[in-house]
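So the structure is just underneath, and the comments pick up after that.
The values are calculated or read from the model by the stated rules, or taken from the named source; none is laboratory data. What you are looking at is a predicted structure, and each value in this text was computed from that prediction instead of being measured. Because the Cβ atoms are built from the backbone with ideal geometry, glycine has one as well, and the counts that use them run over all protein chains shown.
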Amino acid sequence: MPRKADPSEDVALTCADGNAIRVSGVLTFASARHAIEAFRPYCQQQTIKPLLLDLAAVTRMDSAGLALLLQWKRMAHAAGQPLQFSALPEQARNLAVVFGVADLIDSSSTH
């Protein structure tokens with residue numbers, strides 16, 4: 001039986017300024033599909049400045065959220081768009097260490 005949408009499982013991506021994208025809400029299995037689609041338009045903007053995903057307003061994250069960060073990185077790379085993460089939640093850092101992908105989500109460019 002499909003899960004009903006839970007408003008507490010929402011995620012939003014908004015353009016803060018220039019190439020900065022503010023990510024707010026939760027990064028979980030429930031929000032992943034929406035978050036992938038919400039990020040897609042930002043990959044279309046070909047700029048020489050890296051996209052900066054500001055994660056300071058992320059309230060909760062699980063292992064699917066970590067996978068989402070890696071998917072965003074793949075999407076940006078495939079579009080030839082540099083990408084950086086900012087203000088990674090402690091949950092993201094801890095999960096990345098456990099899964100051995102900490103070097104993939106550090107704050108360096110992914111171009």
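Computed values, structure above
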| quantity | calculated |
| --- | --- |
| Some residue of the range 9-16 being farther than 25 Å from Glu90 by Cβ and either at pLDDT below 80 or in contact with a Pro (Cβ under 7 Å, 6 or more places away or on another chain) (or both) | no |
| Failed item in (1) hydrophobic (A, V, I, L, M, F, W, C); (2) at pLDDT 95 or above; (3) surrounded by fewer than 16 Cβ atoms within 10 Å (Cβ to Cβ), with Ala35 passing the rest | (3) |
